[in-house]
Each structure stands twice: as structure tokens, then as C-alpha cells.
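Taking it in order: structure first as C-alpha cells, then the write-up.
The values are calculated or read from the model by the stated rules, or taken from the named source; none is laboratory data. Since the model is a prediction, treat every value here as computed from it, not as a measurement. Because the Cβ atoms are built from the backbone with ideal geometry, glycine has one as well, and the counts that use them run over all protein chains shown. For accessibility, only protein heavy atoms count, side chains too; no ligands or nucleic acids. Shrake-Rupley method; radii C 1.70, N 1.55, O 1.52, S 1.80 Å.
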Amino acid sequence: MALVSADSRIAELLTELHQLIKQTQEERSRSEHNLVNIQKTHERMQTENKISPYFRTKLRGLYTTAKADAEAECNILRKALDKIAEIKSLLEERRIAAKIAGLYNDSEPPRKTMRRGVLMTLLQQSAMTLPLWIGKPGDKPPPLCGAIPASGDYVAKPGDKVAARVKAVDGDEQWILAEVVSYSHATNKYEVDDIDEEGKERHTLSRRRIIPLPQWKANPETDPEALFQKEQLVLALYPQTTCFYRALIHTPPHRPQDDYSVLFEDTSYADGYSPPLNVAQRYVVACKEPKKK
């Protein structure tokens with residue numbers, strides 16, 4: 001029943017989103033005339049080679065209108081982003097509900113393990129579709145935006161992706177990409193599933209063995225302080241794997257769509273580090289262990 005209500009709510013939200021996109025286009029078309037007037041006024045000023053009181057007053061009015069138009073369009077776009085976030089949240093809730101309900105019942109054949117290539121593609125898509133945090137003027141990026149860690153009392157929700165420190169088969173400890181199943185306030189422990197179905201295993205781990213992944217990308221152009229900086233020690237997901245390893249930031253992203261360039265610790269190289277490799281913001285978290293000398 002919950003799945004059906006989620007489907008109807010998603011349909012409603014998609015209709016509302018479509019209306020907001022139409023409103024954005026209408027607002028943009030409406031403001032176009034004013035922007036053309038601003039350009040023409042500047043051209044006339046250049047032709048006459050003077051800034052008369054008339055032009056000054058006219059431009060002040062035109063720019064006031066342009067600012068109001070831009071704010072109106074911005075408000076519509078923020079509403080659209082909120083709708084998209086709600087749709088994504090409902091889709092994730094539906095996925096988790098289906099998983100818990102065990103829609104793959106005994107009468108059905110066992111589910112096939114996801115092919116490695118498919119999993120890697122899904123991880124790439126998750127990184128690409130991570131929303132960019134867009135604050136209002138004066139707003140500071142929130143926890144779990146880029147390099148900003150979660151607050152001390154934060155509890156990851158079921159379905160959230162995390163870096164989890166687990167014991168490997170050989171007894172060594174490693175950081176893996178995992179999905180939260182549940183959290184017990186009584187024991188302060190998480191239950192998480194290894195994201196890699198080939199080694200599908202459920203782990204019970206204390207909070208200190210869990211690092212929540214970023215929920216927003218930080219914009220380097222507006223919030224560079226929310227990114228890891230050059231030579232900062234991090235844990236980064238090694239390309240084409242589901243394990244995190246220690247690395248140094250080589251270069252942070254320059255544009256919102258850019259990845260980090262990182263140097264993984266690797267003793268097979270003379271200087272102890274791999275050549276630069278790209279890792280998305282989604283899969284780079286703080287490393288609390290000391291840097292190796």
C-alpha cells in the first residue's frame with residue numbers, strides 16, 4: 001500500500017515540477033525585454049559618449065526591474081529543486097521498502113548477483129547525480145556538503161551510503177562502500193550491507209567505524225572552503241573498486257562538475273604515491289589517521 005501511495009505522490013510531484021519548469025521559461029521570456037532595453041541604453045550612452053541624468057535614472061529603474069525578475073526566477077528554480085529532492089527521496093524510500101518487504105519471495109527464482117560493470121556504472125551515476133548545494137546569499141554550506149563532516153549527533157538513515165571499516169577475510173581491516181540497514185540507539189551500532197554483492201555481507205559496526213558520505217557537492221566557485229585542499233589526507237574510493245584507500249589531494253575541483261585529483265598511497269612507486277587519479281566528490285571523505293612520513 002505504501003508503495004502505491006508513493007507512486008501517486010511521485011506522479012503529483014512530477015506534474016508540479018513540469019509546471020514550475022514552464023513558469024521558469026515564462027519568467028525568463030518576460031524578463032528578456034528588459035535585458036534588451038538595458039543593452040540598448042548602454043549602446044546609446046556609448047554613442048553619445050556621456051552619462052546624462054536621464055540615462056542614469058533610466059538604468060537605475062531597468063536594473064531594479066532586472067534584479068526583481070532574477071529573484072523571481074531564482075525562487076521558482078529553488079521550488080523546482082525542492083520537488084526534485086522530494087522525488088529522489090520518495091524513490092529511495094520505495095526502494096528500501098521493497099527491499100525490507102522482500103518482494104523476491106520464495107516462489108520466485110533467486111535474484112542474480114549484479115554484474116561488476118553494472119555496479120560500477122551505478123556508482124558513477126550516483127556520483128554524477130549528487131545534488132549541488134546552492135545556498136542563498138550569506139548561507140554557509142551545511143554538514144555533509146563536500147568536505148564538511150556530519151554533526152556529532154548525526155545518525156545515518158537506512159539506505160544512506162557510508163564508508164565502513166570492516167575486517168577483511170585475511171584479518172586486515174579495510175574501508176568499504178556500504179549501505180546502512182539500521183541503527184540501534186540502545187547499542188549505538190549500525191547494521192550495514194557491503195555494496196559489492198560479490199562479497200555480500202552484513203556487518204554490525206560502532207559509530208566510529210562509519211563515515212557518512214557527502215549528500216551534496218560543494219561548488220568550488222562559491223564555497224571553496226567546503227572542499228578538501230591540496231595535500232590534505234583523505235579516504236577516497238579507488239576507481240573501479242568498492243574500497244576506500246588513503247590518498248592525498250593533488251588538486252581540488254575547479255568547477256562544480258569536476259572531480260578531485262588524488263594521489264593514492266602506493267609503495268610500488270618510488271615516492272610512495274600513485275600517479276594522479278580522478279575521484280568524484282561523492283566518494284572522498286576525511287581520514288582521521290595520521291599522514292605517513
- Query: Using a 1.4 angstrom probe and counting only protein chains, how large is the accessible area of residue 15 in Å², to 10?
  - Reply: 80 Å²
- Could I have the simple spin-label model distance between residue 74 and residue 97, label points 7 Å from Cα toward Cβ, reported in nm to one decimal? 3.7 nm
- Could you tally the net charge around residue 41, taking each other residue with its Cβ under 12 Å from the Cβ of residue 41, Lys/Arg +1 and Asp/Glu -1? +3
- Leaving ligands, DNA and RNA out of it, rank 116, 56 by accessible area with a 1.4 Å probe, largest first. 56, 116
- Within a Cβ distance under 15 Å of residue 223, other residues only, what is the Lys/Arg minus Asp/Glu net charge? 0
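Within 10 Å, Cβ to Cβ, of residue 165, how many net charges do the neighbouring residues add up to if Lys/Arg are +1 and Asp/Glu are -1?
Numbers: positive: 167, 208, 209; negative: 173.
So the surrounding residues net to +2.
Could you list, in their original order, any pairs among 79/189; 230/288; 22/161; 161/200; 136/230; 189/217 whose Cα atoms are separated by more than 25 Å? Could the numbers behind the result be given before it?
On the way: 79/189 36 Å; 230/288 16 Å; 22/161 34 Å; 161/200 15 Å; 136/230 27 Å; 189/217 27 Å.
Violating the 25 Å Cα-Cα cut-off are 79/189; 22/161; 136/230; 189/217.
Mind running the shape call on the chain? Use the C-alpha gyration tensor, a ≥ b ≥ c as the square roots of the eigenvalues: rounded below 1.5 for a/c, prolate if a/b tops b/c, oblate otherwise. Walk me through the intermediate numbers first.
Numbers: a/c = 2.78, a/b = 1.60, b/c = 1.74.
Because a/c hits 1.5 or more and a/b fails to exceed b/c, the chain counts as oblate.
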- Task: Kindly report, to the nearest 10 Å², the accessible surface of residue 183 as traced by a 1.4 Å probe over protein heavy atoms only.
- Result: 40 Å²
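Might you tell me the accessible area per residue for the chain, computed with a 1.4 Å probe and given in Å²?
63 Å²
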- Note on the structure: Relative contact order as a percentage, the range 190-273, C-alpha pairs under 8 Å and 6+ apart, gives 18 percent
- With r defined as the distance between the Cβ atoms of residue 270 and residue 241 and R0 fixed at 25 Å, what FRET efficiency is calculated, to the nearest 0.05? 0.60
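Looking at the chain, send over the antiparallel percent of its DSSP beta bridges, to the nearest 5. Could the numbers behind the result be given before it?
On the way: 39 of 41 bridges.
Within the chain, antiparallel bridges account for around 95 percent of the total.
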- Message: Between residue 166 and residue 124, what is 0.36 nm times their sequence separation minus the Cα-Cα distance? Round to one decimal in nm.
- Response: 12.8 nm
- Query: Where the accessible area of the range 224-286 is counted over protein heavy atoms with a 1.4 Å probe, how much of it, in %, is carbon and sulfur?
  - Reply: 55 percent
- On the full set of protein chains, 1.4 Å probe, figure out the accessible area of residue 48 and give it in Å² to the nearest 10. 90 Å²
- Task: Taking every Cα atom in the range 12-82, find the radius of gyration and the maximum pairwise distance Dmax, and write them in Å.
- Result: 16.4, 55
